[in-house]
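The values are calculated or read from the model by the stated rules, or taken from the named source; none is laboratory data. What you are looking at is a predicted structure, and each value in this text was computed from that prediction instead of being measured. Quick reminder, even Gly has a Cβ in these numbers, built from the backbone with ideal geometry, and neighbours come from all protein chains shown.
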Amino acid sequence: MTIPSDDYPLSADQVASYQREGYLVLPDVVTETELLPLESTFQRFIEGRVSGMGRDFCDMSGPYGRAFEDFNLVNAVLPRVYDPGLVGNVFERRAAAIAGQLIGDDIALDYDQFLAKRPRRSEAVFAWHQDLGYWPTGTPDTRTVTCSLALDDATLENGCLQVVPGSQQEPDLRPHRPSAWSSSAALREEAHTLTVELRPTDAIVALPLRRGSITVHNERIVHGSPGNTTNGWRRTYVIAFRSQQTVAYERRIGFTHSHNDAINWETHLEALERPRSRPPSRPG
Ligand SMILES: O=C(O)CCC(=O)C(=O)O
């Protein structure tokens, strides 16, 4: 039997394209056979069968406290914390190999996330944002690679990821504000989602994807995804890598990407209003 490699070699063109555009689409990263056990774990979370998650199990398109049947965009954050059986799985290993080629080998897995858009939910919108807008300020090294594995073919109609290529090169992060249902920073306690304004010059690119393939995106690229108007689900498994130093900094200040973290979001949002200038790009 041939044991599939954890490696997924990228071409120089792919690396250059990631640096220029801020994203990549990579085909056939996880095989059908490898997907099946991951999918069965995914389903336990997305069907609400994992207890004790608090706000780490929520609707990413609305306020906390919604009844499960009313979730549009089912969100399970940090599944590997709640099910350590996921640690070291094939997607983690292959995504690490990809991230290492894009931002260097000094990386750590920062967080993982399961997302699932229910069928016929036009409200299952992931608001436009830059990932860095969600994260603590004060990390001089922001290098991040986020890989998102399609468990269903993703299409424009079922709400695939959309990006604004090149927006990661803007000198400042765009101002992020709590989404419509929470109109002030204090209400960040009521809903997790932040959003940015699109600009008239933003050229949006949709990233349709086959099951088993992945998108990869940069921490500064403007991205989001529309609702699901089809009769099927759109499910995706997200893993993000940051530099070991940055992950250590986050943990030191008590930031784990859990929605249950006791972070002072008001201070965080005030800091976001102040433009952050670009850090030096990837060393070496
Ligand atoms: O896949 C999506 O719909 C959005 C995911 C996202 O925004 C992210 O992984 O940063």
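Please specify each residue of the stretch 208-255 satisfying the condition of being over 22 Å from Ala76 (Cβ atoms), aliphatic (A, V, I, L, M) and within 15 Å of the ligand (Cβ to nearest atom). Don't jump to the end; show me each part of the working.
Here is the first cut: in the stretch 208-255, the ones over 22 Å from Ala76 (Cβ atoms) are 208, 210, 218, 220-222, 229, 231, 243-246, 248-249, 252-253.
This time we only want the ones that are aliphatic (A, V, I, L, M), so: 221-222, 248, 253.
Those that are over 22 Å from Ala76 (Cβ atoms), aliphatic (A, V, I, L, M) and within 15 Å of the ligand (Cβ to nearest atom): Ile221, Val222.
List, please: which pairs have Cβ atoms under 9 Å, are six or more places apart or on different chains, and start with a residue in the stretch 161-177 that is closer than 16 Å to Thr215 by Cα and touching a residue at least 24 places away in the same chain (Cβ under 8 Å) and end with one that is acidic (Asp, Glu) and not in a loop (DSSP other than H, G, I, E, B)?
Val163/Glu21; Pro165/Glu21; Gly166/Glu21; Gln168/Glu21
Name the residues in the stretch 145-159 that are more than 10 Å from the ligand (Cβ to nearest atom) and of a type in the set (Ser, Thr, Tyr), would you?
Of everything in the stretch 145-159, just one residue is more than 10 Å from the ligand (Cβ to nearest atom) and of a type in the set (Ser, Thr, Tyr), namely Thr155.
Before we move on, is Arg44 of a type in the set (Lys, Arg), in a helix (DSSP H, G or I) and within 16 Å of the ligand (Cβ to nearest atom)? Spell out how you get there, then give the answer.
Numbers: of a type in the set (Lys, Arg): yes; in a helix (DSSP H, G or I): yes; within 16 Å of the ligand (Cβ to nearest atom): no.
No, not satisfied.
Exactly one condition in (1) farther than 18 Å from Ile214 by Cα; (2) touching a Lys or Arg at 6+ places or on another chain (Cβ under 9 Å); (3) acidic (Asp, Glu) is not met by Glu92; state its number.
Failing condition for Glu92: (1).
On the given criteria, is Gln162 closer than 24 Å to Tyr23 by Cβ, at pLDDT 95 or above, of a type outside the set (D, E, K, R) and within 12 Å of the ligand (Cβ to nearest atom)?
yes
Counting just the residues of the stretch 79-123 that are among the acidic types (Asp, Glu) and surrounded by fewer than 22 Cβ atoms within 10 Å (Cβ to Cβ), which one comes out nearest to the ligand (Cβ to nearest atom)?
So the first thing to find is which residues in the stretch 79-123 are among the acidic types (Asp, Glu), and the list is 83, 92, 105-106, 110, 112, 123.
Next, only the ones that are surrounded by fewer than 22 Cβ atoms within 10 Å (Cβ to Cβ) stay: 83, 92, 105-106, 123.
Details: Asp83: 19, Glu92: 15, Asp105: 23, Asp106: 22, Glu123: 13 Å.
Within the stretch 79-123, the match that is nearest to the ligand (Cβ to nearest atom) is Glu123.
How many residues are over 24 Å from Pro165 (Cα atoms) and either basic (Lys, Arg) or not in a loop (DSSP other than H, G, I, E, B) (or both) when one looks only at the stretch 118-148?
3
Can you pull out the residues in the stretch 156-168 that are over 9 Å from Ile221 (Cβ atoms) and either crowded, with 17+ Cβ neighbours inside 10 Å or not hydrophobic (A, V, I, L, M, F, W, C) (or both)? Step through it out loud before you land on a result.
Narrowing the stretch 156-168 to residues over 9 Å from Ile221 (Cβ atoms): 156-162.
Result: Glu157, Asn158, Gly159, Cys160, Leu161, Gln162.
Looking at the stretch 74-85, which of the residues that are touching a residue at least 40 places away in the same chain (Cβ under 8 Å) and touching a strand residue (DSSP E or B) at 6+ places or on another chain (Cβ under 7 Å) is nearest to Arg121 (Cα to Cα)? Don't jump to the end; show me each part of the working.
Quick first cut of the stretch 74-85, residues touching a residue at least 40 places away in the same chain (Cβ under 8 Å) only: 74-75, 77-78, 81, 83, 85.
Subset that is touching a strand residue (DSSP E or B) at 6+ places or on another chain (Cβ under 7 Å): 74-75, 77-78.
Values: Val74: 11, Asn75: 14, Val77: 21, Leu78: 24 Å.
That would be Val74.
Keeping to the stretch 133-152, report how many residues are aliphatic (A, V, I, L, M) and either in contact with a Pro (Cβ under 6 Å, 6 or more places away or on another chain) or modelled with pLDDT under 95 (or both).
Looking only at the stretch 133-152, we keep the residues that are aliphatic (A, V, I, L, M), and these are 145, 149-151.
From what's left, either in contact with a Pro (Cβ under 6 Å, 6 or more places away or on another chain) or modelled with pLDDT under 95 (or both): none.
Residues flagged as aliphatic (A, V, I, L, M) and either in contact with a Pro (Cβ under 6 Å, 6 or more places away or on another chain) or modelled with pLDDT under 95 (or both) within the stretch 133-152 amount to 0.
Among the candidates Ser17, Ser61, single out the residue that is in a helix (DSSP H, G or I) and among the small types (Gly, Ala, Ser).
On the way: Ser61 fails: in a helix (DSSP H, G or I).
Answer to the selection: Ser17.
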